[in-house]
Structure formats: structure tokens, C-alpha cells
Amino acid sequence: MRRRFLQALMVGATAMALSRTISAKNKVFSVFTFGDSILDCGRYNEYGVHPGQLIVRNNDFLFPEFKGRDVMSQSSSITALLDHRARDGGVVNNLSWQARGIKAPDPAVALVTVGGNDLLTGLAADRGEGIACFQQQLDAFLQALPVRPVLLGTVYDPTFGDDSRNFLATDARIARPNFNRINAVIRQLAPRYGELVDVHRHFLAGDPSWFTGTIEPSLRGASEVRAVFLPAVLRAFHAAQNA
């Protein structure tokens with residue numbers, strides 16, 4: 001009799017634990033990435049690492065200094081999932097394509113980096129309405145995106161503000177103001193939909209080892225992109241956890 005009671009108790013406890021596990025697994029925090037190679041830079045390092053991966057689950061072997069500093073380490077009650085949609089080479093008019101099929105998840109956060117390739121493919125030399133059109137397209141995408149908050153990153157500068165290192169065909173006297181205008185657009189729009197993440201400012205304090213192929217994030221660069229986005233992602237995660 002006592003044995004049957006203990007067996008029943010163990011079965012009940014196991015069922016309760018399983019129920020809690022299933023319940024916990026049903027609580028999901030989604031991390032979305034959209035945009036360009038600032039977030040989709042895995043092809044530029046031998047480990048295939050990109051910032052979204054490191055934000056959700058750090059690679060403790062490569063970056064031991066970030067051990068425990070990722071979303072998955074913050075809670076056992078919510079599962080973090082990465083939906084990586086950013087694409088190397090992305091421009092502002094690709095963003096809607098990247099977001100196709102998204103339903104309104106809750107809770108979630110969206111990381112967006114865009115503008116660098118738009119500059120490279122013409123806006124660095126813009127003398128007319130090109131940047132105004134960029135602003136309209138980016139604003140329309142953010143309005144339609146069913147994910148909040150949005151963490152909108154500025155465009156970094158691989159020349160570290162040194163016009164003598166200009167690698168563009170466009171004269172720096174034209175390109176530099178247009179670069180600044182793109183980041184001004186991003187700074188203006190970010191608070192409407194979430195939060196600004198100033199990648200540009202963070203990378204100005206870096207060095208050439210953060211880049212590969214002149215403009216792409218290296219392995220170290222991928223970690224530095226992670227570093228600048230991570231505090232805002234964790235704020236969104238903790239807000240969702242406490243909601």
C-alpha cells in the first residue's frame with residue numbers, strides 16, 4: 001500500500017514537472033534580425049558566427065568574457081528563439097521581403113541595420129531626393145513591421161572618421177555629409193518604434209581588426225555588434241519576462 005502510494009506520488013510529481021517544462025517551453029521570446037551584413041556577417045569569419053547567434057546564446061569558447069551574458073542565460077522560464085532574416089547586401093527596399101510571412105509575435109524584439117549598402121550603391125553621391133526616399137521607405141517598413149520594440153542601428157564608418165581613408169569613388173566632401181544624413185534619419189526614426197542602437201559611435205572607438213574586406217564585420221566585429229545591441233535586447237527581454 002505504502003509502495004503504491006509512493007509510486008503514485010512520484011508519477012504525480014513527474015507529471016507536474018513535465019507540465020511545468022511544457023509550460024516553460026511555450027513561453028518564447030523571439031529575436032528577429034533584419035537588414036544587411038552588420039547583422040548577417042557569418043560568411044566573413046571561419047566560425048560562421050553572427051551577432052544574433054551571440055545575443056541569444058554566446059559562444060563561450062570564442063568569447064569567454066561574455067559567458068552568462070546572453071538571453072538564454074537570463075532565465076529558465078522563457079525560451080529565446082532567433083529568427084535570422086538579415087541578408088548580406090541588404091538595402092532598404094529589401095526589408096519588406098525579409099519580413100514576409102511574419103505574424104505579430106509576443107514577446108519579441110527586432111534588430112535592424114540598414115543604410116550602408118544604400119550608400120554604397122548610390123546614396124553616398126546623392127544630390128537630390130535619394131535620402132528622403134530612403135527615409136520614407138524605412139519609415140513605411142517600420143510602421144508595417146508587427147514586432148515591437150525595434151532596435152534600429154546606425155551605420156558604422158570603416159574609416160573611423162578619417163576622410164584620407166575614403167574607399168569610395170565619391171569624393172569624401174560629398175559622401176561624408178550623406179553618410180551623416182543617413183544616420184540622422186535613423187536617429188530620427190528609432191524612438192518612434194523602439195530604441196536607437198548607436199553602432200556608429202561604438203565602432204569609432206574600435207580598430208581595423210573589427211573589419212574584414214574593408215567594410216565587413218570580422219569575427220571580432222561580429223562580437224562588437226553583439227556588444228552594442230545586447231543591453232537593449234536584454235532590457236526588452238526582462239520587460240517581457242516581468243510583464
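The values are calculated or read from the model by the stated rules, or taken from the named source; none is laboratory data. Note that the structure is a prediction, hence the values are computed from the model and not measured. When we count neighbours, we look across all protein chains shown, and the Cβ atoms used for this are built from the backbone with ideal geometry, even at glycine. Surface accessibility is based on the protein's heavy atoms, side chains included, excluding ligands, DNA and RNA. Shrake-Rupley method; radii C 1.70, N 1.55, O 1.52, S 1.80 Å.
Things worth noting here:
- For the stretch 94-243: rounded, prolate or oblate by the Cα gyration tensor [a/c cutoff 1.5]: oblate
- Within the accessible area of the stretch 56-212, the carbon and sulfur atoms contribute 50%, probe 1.4 Å, all protein chains present.
- Cα centroid separation - the stretch 141-176 against the stretch 74-97, whole Å: 19 Å
- Lys, Arg +1 and Asp, Glu -1 on Cβ, resulting dipole of the chain about Cα centre, debye, nearest 20: 1500 debye
- Residues with amide H under 5 Å from that of residue 81, placed H, sequence gap 5 or more: 29, 30, 31
- For the stretch 25-87, the Kirkwood radius over C-alpha pairs fed into Stokes-Einstein at 25 °C and 0.890 mPa s yields D = 199 µm² per second.
- Size of the stretch 67-157 from its Cα atoms: along the principal axes, largest to smallest, the extents are 52, 30, 18 Å.
- Estimated 222 nm signal from helices in the chain, with DSSP H stretches of n ≥ 4 weighted -39500 (n - 2.57), rounded to 500: -14000 deg cm²/dmol
- Solvent exposure of the stretch 38-150 as accessible area per residue, Å², 1.4 Å probe: 48 Å²
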